[in-house]
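**Q** This is the structure I have questions about; it appears just below.
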Amino acid sequence: VQLQASGGGLVQAGGSLKLSCAVSGRNFRVEHMGWFRQAPGNQRELVATITGIGSTNYAGSVKGRFTISRDNAKNTVYLQMNSLKPEDTAVYYCNFVSTTKRAKWGQGTQVTVSS
């Protein structure tokens, strides 16, 4: 299984970014996927999830600002991030939500929000 996240960058507060994560080696369309993030000195946290049929859930800190989506034909999950805040600065990763199915963490993609 490979997870390749991309789309991060440097953006000013209030700006937007869209992250992508290409997934290979699994029957993607049935998998419950999540976006996670880890800021320096902090534990990795789950910020958004999406089931195989498109049901979504969000951490309180990003609800209303972030949107998770997926394209099963492309084996890709996305994270649209709007109204970014400096506290959103972190390395963002995608992975399977289930801990028993969790794949090896990829390198992630760095998101830096300047104030």
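The values are calculated or read from the model by the stated rules, or taken from the named source; none is laboratory data. Just so it is clear, the structure is predicted and the values come from calculations on it, not from any experiment. Reconstructed Cβ throughout: ideal geometry from the backbone, glycine too, with neighbour counts over all protein chains shown. These area figures cover heavy atoms from the full protein model, side chains too; ligands, DNA and RNA do not enter into them. Shrake-Rupley method; radii C 1.70, N 1.55, O 1.52, S 1.80 Å.
**Q** Pick from Gly41, Gly64, Gly14: which is most flexible by mean-square fluctuation in a GNM of the chain where alpha carbon atoms under 10 Å apart are linked?
**A** Gly41
**Q** Total Lys pairs in the chain closer than 19 Å by alpha-carbon, pairs eight or more apart in sequence or interchain only?
**A** Lysine pair count for the chain: 4.
**Q** With every protein chain left in place, what is the accessible area of Ser69 in Å² (1.4 Å probe, nearest 10)?
**A** Spelled out: Ser69, probe radius 1.4 Å, area about 40 Å².
**Q** Here's a follow-up. Assuming R0 = 22 Å, what is the FRET efficiency of Asn27 and Thr56, from their Cβ-Cβ distance, to the nearest 0.05?
**A** Values: r = 20 Å, r/R0 = 0.91.
The calculated FRET efficiency here is 0.65.
**Q** Shifting gears a bit: With the contact rule set at Cα under 8 Å and sequence spacing of 6 or more, what percent relative contact order holds for region 39-81?
**A** 28 percent
**Q** Let me ask another. Pop out the carbon and sulfur fraction of the accessible area of region 13-115 as a percent, whole number, probe 1.4 Å.
**A** Roughly 47 percent, rounded to a whole number.
**Q** Using only the alpha-carbon atoms, what does region 37-78 span along each of its principal axes? Please give whole angstrom values in decreasing order.
**A** Here the Cα extents, ordered largest to smallest, are 37, 20, 14 Å.
**Q** Explain nothing, just the number: relative contact order of the chain, from Cα pairs under 8 Å at least 6 residues apart, as a whole percent. Intermediate results must be reported in sequence, preceding the final value.
**A** Numbers: 276 pairs, mean separation 42.5, N = 115.
With pairs under 8 Å counted, the relative contact order is 37 percent.
**Q** Then there is this: Rounded to the nearest angstrom and ordered from largest down, what semi-axes does the equivalent ellipsoid of region 56-115 get from its C-alpha gyration tensor (root of 5λ)? All intermediate terms of the calculation are to be shown ahead of the outcome.
**A** On the way: eigenvalues 92, 43, 29 Å².
Equivalent ellipsoid semi-axes, largest first: 22, 15, 12 Å.
**Q** Pop the C-beta distance of Thr99 and Ser16 into the FRET formula with R0 = 30 Å and round what comes out to the nearest 0.05. Please report the intermediate quantities before stating the final value.
**A** Values: r = 31 Å, r/R0 = 1.02.
Approximately 0.45, to the nearest 0.05.
**Q** Can you give me the accessible area per residue for region 48-97, using a 1.4 Å probe, in Å²?
**A** Heavy-atom SASA per residue in region 48-97 reads 42 Å².
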